[in-house]
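Below is one structure, written out as structure tokens; comments come after it.
The values are calculated or read from the model by the stated rules, or taken from the named source; none is laboratory data. Bear in mind the structure is a predicted one, so any value in this text is a computation, not a measurement. Virtual Cβ from ideal backbone geometry, glycine too; neighbours counted across all protein chains shown.
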Amino acid sequence: MPRESLNRRLQRLVQDLVVGGVTLEQARREFERQYVIAALLHNEGSLGRSAKALGVHRNTLRNRISTLRIEPGDYESRCR
């Protein structure tokens, strides 16, 4: 069976969110939060490598982590 396309998976997810009453701002913020956490997990908590992978400056990533209220416990315990 062929792997489902990213576009198709996103369409289903977005449909579920809209039906569930999630606002665009809520969805955008949670997507960004989860994306940053995933980058941190993939890079074993390294801010420098995560920033590079995300295409942002390390200080920008640090600010986003603060704004999104991401705590070290959100990714560090899963890095090990």
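Considering region 69-80 alone, what residues qualify as being assigned to a helix (DSSP H, G or I) and over 14 Å from Y35 (Cα atoms)? Outline the logic, then answer.
Keep residues of region 69-80 that are assigned to a helix (DSSP H, G or I), which gives 72-74, 76-79.
Passing the criteria: P72, G73, E76, S77, R78, C79.
It is to be established whether one or more residues within region 26-41 are of a type outside the set (V, I, T), at pLDDT 95 or above, over 14 Å from the mean Cα position of the chain (by Cα) and surrounded by fewer than 14 Cβ atoms within 10 Å (Cβ to Cβ).
no
Does E44 satisfy the criteria of being acidic (D, E), over 26 Å from V14 (Cα atoms) and in contact with a helix residue (DSSP H, G or I) (Cβ under 7 Å, 6 or more places away or on another chain)? Before you say what the answer is, go through the steps one by one.
Values: acidic (D, E): yes; over 26 Å from V14 (Cα atoms): yes; in contact with a helix residue (DSSP H, G or I) (Cβ under 7 Å, 6 or more places away or on another chain): yes.
Yes: the conditions hold for E44.
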Total residues in region 24-68, condition in contact (Cβ under 8 Å) with a residue 24 or more places away in the chain and not in a helix (DSSP H, G or I): 3
